Amino acid sequence: MFEKIPAIYSAEEIIENAIKKTKKIQIQDKNRFYRNRKTIIKKTELFATNVISTLEKYVKGFPSIDNLPKFYQELIDIKIDADKLKQSLGAVEWARKTCTKIYSKQIKTLKKTRDLSFLKHKQKEIYGRIASVLKQIDKNLIFLSKAQNTIKDFPEIQNTITIVIAGYPNVGKSSLLKNISSAKPKIAQYPFTTTKIHVGHIEKRQGYNTEKYQIIDTPGLLDRPIHKRNKIEKQAIAALIHLADIIIFILDPSENCGYPIEKQKNLLSQIKKMFRDIPIIVVENKSDIKKTDSINIKISCKNREGIDKLVDKIFEIISKKTREIKPHF
Ligand SMILES: Nc1nc2c(ncn2[C@@H]2O[C@H](COP(=O)(O)OP(=O)(O)O)[C@@H](O)[C@H]2O)c(=O)[nH]1
Ligand SMILES: [Mg+2]
């Protein structure tokens with residue numbers, strides 16, 4: 001989704017690159033005057049069109065922010081500042097239009113001129129004007145360059161129903177993801193602190209059709225009380241709310257994870273409050289060690305007990321709720 005965004009250069013670099021492109025231009029003509037004249041015109045044309053097309057590439061390379069999935073809009077807001085991004089893209093578009101105007105107006109004068117020194121003077125003037133337009137947007141270019149750098153590391157989240165795993169550390173979230181995924185989960189950068197998200201897929205065969213759902217583990221985000229979170233972490237969690245269609249909350253009644261079951265249940269009620277409209281499947285893991293008599297699904301990631309039942313439950317919710325669970329994109 002974001003691979004089309006090109007690397008963004010500063011005003012000075014754009015000018016340098018454009019000049020470099022014109023260096024070797026030498027138009028042949030027996031007549032010295034015509035040779036010089038044609039060469040100057042060609043160089044000026046190339047310089048201007050190179051700058052203009054570079055700016056165009058920048059504007060077109062960024063996806064339209066308002067059309068992006070909410071999840072990504074939220075990430076952009078947290079990591080970059082969406083308004084500033086829009087503003088900067090607007091500035092680049094302004095520069096592109098202004099350079100185009102300068103170029104199309106001045107090139108006509110250039111082509112009419114028969115005086116070589118005036119030609120050279122005019123060429124300098126065009127270069128100067130275009131360079132000054134670029135310098136006016138240099139701050140925006142620097143901002144966009146940083147934005148590009150951040151966005152290129154955004155996790156690739158697909159346009160499909162998404163299941164998010166939550167629960168205290170060591171309850172078995174990663175083990176469940178591994179157990180339930182059809183292929184090895186992929187690790188993607190989640191642009192907050194040191195967190196990475198782990199993305200796997202569950203496949204459901206229906207006749208000849210295979211539907212693929214996304215299942216993600218978000219270490220460090222949905223595994224501790226929310227009130228202990230700083231602002232950035234809270235926003236990061238908010239972004240996840242846009243992503244989740246179903247939540248699997250894992251409890252560890254064996255308490256081998258190191259957290260008393262009461263604490264774990266408190267986190268569960270917090271998550272229920274935060275993700276109010278999202279169905280939550282509560283699962284008790286490590287059934288090989290301890291089984292309660294609750295109504296929750298009991299699983300063991302160690303001996304795979306209950307895993308098929310859990311997968312059936314996921315499919316049941318998806319098929320019942322298709323009208324309510326909308327893809328986020
Ligand atoms: N006995 C037992 N151990 C488990 C089970 N599931 C996970 N574990 C162990 O619990 C520890 C934490 O598991 P992990 O998946 O990393 O938890 P996470 O921190 O929630 O991702 C690891 O040592 C796992 O081997 C289970 O069903 N039974
Ligand atoms: Mg883990």
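Only the coordinates and a few stated rules stand behind these numbers; no lab work does. Keep in mind it's a predicted model, so treat the numbers as computed, not measured. With ideal geometry, Cβ positions are generated from the backbone for all residues, glycine too; neighbour counts draw on all protein chains shown.
Provide the per-residue ³J(HN,Hα) series for region 25-31, in order, calculated from phi with Karplus coefficients 6.51, -1.76, 1.60 and θ = phi - 60°, each as a whole number of Hz, with x at glycine and proline positions.
5, 8, 7, 7, 6, 5, 6
Between 0 and 90 degrees, rounded to the nearest ten: what's the tilt of helix 11-22 against the longest Cα principal axis of the chain?
For 11-22 against the chain, the angle is about 60 degrees.
What ranking, highest mean first, results for peptides 127-137, 59-69 when packing means the other Cβ atoms within 10 Å averaged over each residue? Write out the running numbers ahead of the final one.
Working: 127-137: 18.2, 59-69: 14.0.
The most tightly packed comes first, giving 127-137, 59-69.
How about residue 290: which aspartates and glutamates have a C-alpha closer than 15 Å to its C-alpha, ignoring those fewer than 8 places off in the same chain?
Hits, sequence-local ones excluded: 252, 255, 305.
Report, to the nearest 10°, how far helix 70-79 tilts away from the longest principal axis of the Cα atoms in the chain, using its own Cα long axis and a range of 0 to 90°.
Its long axis makes an angle of about 70 degrees.
Can you tell me the 0 to 90 degree angle between the C-alpha axis of helix 261-274 and the longest principal axis of the chain, rounded to 10?
50
Going by a ≥ b ≥ c, the root eigenvalues of the Cα gyration tensor, does region 186-287 fall in the rounded group (a/c under 1.5), the prolate group (a/b larger than b/c) or the oblate group?
Values: a/c = 1.75, a/b = 1.27, b/c = 1.38.
The shape class here is oblate.
Which entries of 57/105; 79/231; 152/196; 204/313; 204/321; 23/43 show an alpha-carbon separation above 18 angstrom in the structure shown? Let's see the in-between values first.
Numbers: 57/105 22 Å; 79/231 12 Å; 152/196 15 Å; 204/313 12 Å; 204/321 16 Å; 23/43 8 Å.
Checking Cα-Cα distances, 57/105 exceed 18 Å.
Report, in debye and to the nearest 20, how large the dipole of region 11-151 comes out about its Cα centre when Lys and Arg carry +1 and Asp and Glu carry -1 on their Cβ. Before the final figure, lay out the partial values.
On the way: 32 positive and 15 negative charges, 279 e Å.
Dipole size: approximately 1340 debye.
Using Cα-Cα distances under 8 Å and only pairs 6 or more residues apart, what relative contact order does region 11-151 have, in percent?
Details: 112 pairs, mean separation 46.6, N = 141.
About 33 percent, as a whole number.
Mind telling me which of 29, 81, 277 comes out most flexible in a GNM of the chain, alpha-carbon contacts under 10 Å?
29
Which value, in debye to the nearest 20, gives the size of the charge dipole of the chain about its Cα centre, when Lys and Arg are +1 and Asp and Glu are -1 at the Cβ? Display every interim value, and only then the final one.
Working: 64 positive and 36 negative charges, 503 e Å.
Dipole size: approximately 2420 debye.
Relative contact order of region 162-321: what whole-number percent is it, with Cα pairs under 8 angstrom and at least 6 residues apart?
Numbers: 271 pairs, mean separation 39.1, N = 160.
Reported relative contact order: 24 percent.
In debye, nearest 20, what is the charge dipole magnitude of region 96-193 about its Cα centre with +1 on Lys and Arg Cβ and -1 on Asp and Glu Cβ, if you could check?
On the way: 20 positive and 5 negative charges, 184 e Å.
About 880 debye.
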